[in-house]
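Read-outs throughout are calculated quantities, based only on the coordinates presented, and are distinct from any laboratory measurement. Just so it is clear, the model here is predicted, and its values are computed rather than measured. All Cβ positions, glycine included, derive from the backbone under ideal geometry; neighbour counts span all protein chains shown.
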Amino acid sequence: MTLTIGPLQAQPGRKTRGTIPVDLGITTVEIPLVLVNGSRPGPRVVITGGVHGGEFVGTDAAARLGGLLEPEEVAGQVVICPVANPPAVYDGRLGKSPLDDVNINRVFPGDKDGGPTERLAAWLFENVVSGADAYADLHSGGIDETLLDFVGYRLTSDDELDAKTRGMAHAVGYERVLFGRNAQGGNSHAAAARQGIPAILIETGQLGDRDPAQARTLLDGLHRLLHHLGVIEAPQHVAPVTVPPRDWVWTGSVVSPATGLWYPDAATGDEVTEGQSIGRVIDPADGSERKVTATATGQILYGMNGLTVAPGAELAAIAVPHD
């Protein structure tokens with residue numbers, strides 16, 4: 001079958017690259033896509049990067065994958081969108097869009113009659129994500145964020161769907177596989193799960209890094225995933241998995257209690273106990289301190305590296321092995 005998204009088409013055995021204009025009401029953005037229509041039947045796999053600005057590893061790896069995959073190597077169809085949110089990626093370079101200060105990964109599946117970011121989410125979901133047999137959304141620790149690489153997915157009430165999704169998450173080959181206990185919320189992979197699409201989040205790299213080694217790590221994981229899904233043969237020149245994937249579960253999130261300057265006492269990767277002091281928020285005006293404590297016991301998987309914080313800013317996310 002011909003692979004078609006908007007005006008872009010790829011016949012069986014062909015690869016097409018281009019951009020599609022998307023009307024966001026107050027402006028029009030150009031969404032880059034790579035359509036790889038394989039030489040034999042198989043699943044349709046969608047990969048997105050650049051949902052958030054300042055998270056360069058996913059965009060880099062997605063763009064590299066789009067250049068590497070050739071139709072004769074592919075069974076099925078692969079849709080790659082390296083920059084899913086151009087305003088945030090090119091203009092904002094942060095999680096929220098400069099168009100309306102909205103985090104697109106909180107409003108999926110979007111609203112075609114809403115604000116610009118909601119319209120973009122709706123277009124992506126309707127035209128790119130919907131109809132996929134498998135979906136991977138690529139993220140990393142942003143400019144202010146330290147992070148340990150992990151894969152995330154959401155549980156649903158569908159045991160068969162959950163088993164497929166868990167298999168995808170483990171196939172990436174990362175040590176930590178984090179699952180959420182439900183598919184609520186506006187994250188892309190949660191919204192996809194609610195539509196019955198096996199969907200995962202892959203977090204690779206931190207601090208807005210663009211290290212080619214991190215992109216290579218993610219590319220290796222994507223090749224393992226595509227092999228698991230039957231899209232490509234066993235990949236060559238992919239680093240072996242040295243630590244078996246292990247299921248983890250989130251136990252707590254720590255947010256800033258005030259506006260001020262953040263001075264952490266615990267770092268990403270540290271083990272903490274509930275109630276333990278993990279830092280202070282200091283008022284730069286009068287020097288007063290607000291103690292910040294861990295809300296749960298476990299390991300900090302990502303944390304705030306920036307100095308300046310506002311109330312509600314996430315300072316740390318804590319998880320433990322599920323077993």
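Descriptive notes on the structure:
- 14 Å beta-carbon shell around Glu233, net charge (K/R +1, D/E -1): -1
- Taking each DSSP H run with n ≥ 4 as -39500 (n - 2.57) and averaging over every residue of the chain yields -5500 deg cm²/dmol at 222 nm.
- Convex hull volume per residue in cubic angstrom - Cα atoms of segment 1-45: 68 Å³
- Calculated FRET efficiency for the pair Asp91/Ala258, C-beta based, R₀ 41 Å, to 0.05: 0.90
- GNM top mover of Asp247, Asp162, Asp211 - the chain, alpha-carbon springs below 10 Å: Asp211
- Positive-end residue, the chain charge dipole about Cα centroid, Cβ charges, pick of Gly95, Leu226, Ile143: Leu226
- Summed side-chain charge close to Gly66 - residues other than Gly66 whose Cβ falls under 9 Å, Lys, Arg +1, Asp, Glu -1: +3
- Less than 5 angstrom separates the built amide H of Gly142 from those of Leu207, Gly208, all sequence-distant by 5 or more or on a different chain.
- Computed from phi, the 3J(HN,Hα) profile of segment 67-81 under the Karplus parametrisation 6.51, -1.76, 1.60 (θ = phi - 60°) reads x, 7, 5, 10, x, 5, 8, 10, 9, x, 10, 10, 10, 10, 10 Hz, with x in place of Gly and Pro.
- Phi-derived couplings, Karplus 6.51 cos²θ - 1.76 cosθ + 1.60 at θ = phi - 60°, listed residue by residue for segment 37-46: 9, x, 7, 8, x, x, x, 9, 10, 10 Hz, with x used for Gly and Pro.
- Candidate cross-link partners of Lys15 among the lysines, defined by an alpha-carbon separation under 24 Å and a same-chain spacing of 8 or more, are absent.
- Expressed as a fraction of 2.2 N^0.38 Å, the value expected for a compact globular protein of N residues, the C-alpha radius of gyration of segment 249-321 is 1.03.
- Taking N as the residue count of segment 145-194, its C-alpha radius of gyration divided by 2.2 N^0.38 Å amounts to 1.14.
- The peptide list 231-238, 188-195, 213-220, put in order of mean Cβ contacts within 10 Å with the highest first, becomes 188-195, 213-220, 231-238.
- ³J(HN,Hα), Karplus 6.51/-1.76/1.60, whole Hz, each residue of segment 215-222, x for Gly, Pro: 4, 5, 4, 5, 4, 4, x, 5
- Scanning residues 5 or more positions from Ile31 or on other chains, those with amide H under 5 Å from its amide H are Ile20, Val22, with H placed 1.01 Å from N in the peptide plane.
- Partners of Lys96 within straight-line reach, counting lysines whose Cα lies under 22 Å from its Cα and excluding those fewer than 8 residues away in the same chain: Lys112.
- Selection from Ala266, Pro32, Pro12, by position along the positive dipole direction of the chain (Cβ): Pro12
- Fraction of beta bridges assigned by DSSP in the chain that are antiparallel (%, nearest 5): 70 percent
- Sequence-distant residues sharing a close amide H with Ala84 (under 5 Å, placed H): Gly49, Gly50, Val51
- Equivalent ellipsoid dimensions for segment 3-244 as semi-axes, Å, which come from the Cα gyration tensor, largest first: 24, 21, 18
- Cα gyration tensor category, rounded, prolate or oblate, for segment 57-185 with a/c compared to 1.5: rounded
- Charged-residue dipole, Cβ positions (Lys, Arg, Asp, Glu), the chain about Cα centre, Debye nearest 20: 640 debye
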